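Rule-based calculations on the coordinates, nothing more; no lab input. As the structure is a prediction and not an experimental result, all values here were calculated from the model. Cβ atoms come from the backbone with ideal geometry, glycine included; neighbour counts cover every protein chain shown.
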Amino acid sequence: MKGVLHALSNAHHLRELKALVEIAKEDWARKMQRLLRRACHAANLVRERELPLKPRLIAAFERRSDAIVAEGLAFHEAQPPLPRAARRRT
């Protein structure tokens, strides 16, 4: 991607999602974990066979990812606001 200077690895995303699943019990995060693992597995299989990943499969992963992200956003938007920290007097 043009202009991108840094990216997170799939392993990093899976660790962050694991925390959301185990600590916060967020179901959308469990779904995203599963999707990332399936996409990684599919990519590894075709790489071993020196084949390209089929565009239809890529599109299916993208649609599912978009749906899961939308679910996560809706979940967080429905949460009550966090209490504001008390202001410090100087």
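Tell me whether the stretch 49-72 contains one or more residues that are of a type outside the set (S, T, N, Q) and touching an Asp or Glu at 6+ places or on another chain (Cβ under 9 Å). There is at least one residue in the stretch 49-72 that is of a type outside the set (S, T, N, Q) and touching an Asp or Glu at 6+ places or on another chain (Cβ under 9 Å).
Does any residue in the stretch 42-68 that is of a type in the set (Gly, Ala, Ser) come within less than 8 Å, Cβ to Cβ, of a residue that is part of a helix (DSSP H, G or I) six or more places away or on a different chain, and which pairs are these? Between residues of the stretch 42-68 that are of a type in the set (Gly, Ala, Ser) and residues that are part of a helix (DSSP H, G or I), the close pairs are Ala42/Leu57; Ala42/Phe61; Ser65/Met32; Ser65/Leu35. Pairs are defined by a Cβ separation below 6 Å, a sequence spacing of at least 6 or placement on different chains, a first member in the stretch 17-35 that is of a type in the set (Asp, Glu), and a second member that is in a helix (DSSP H, G or I); the pairs so defined are Glu26/Leu20.
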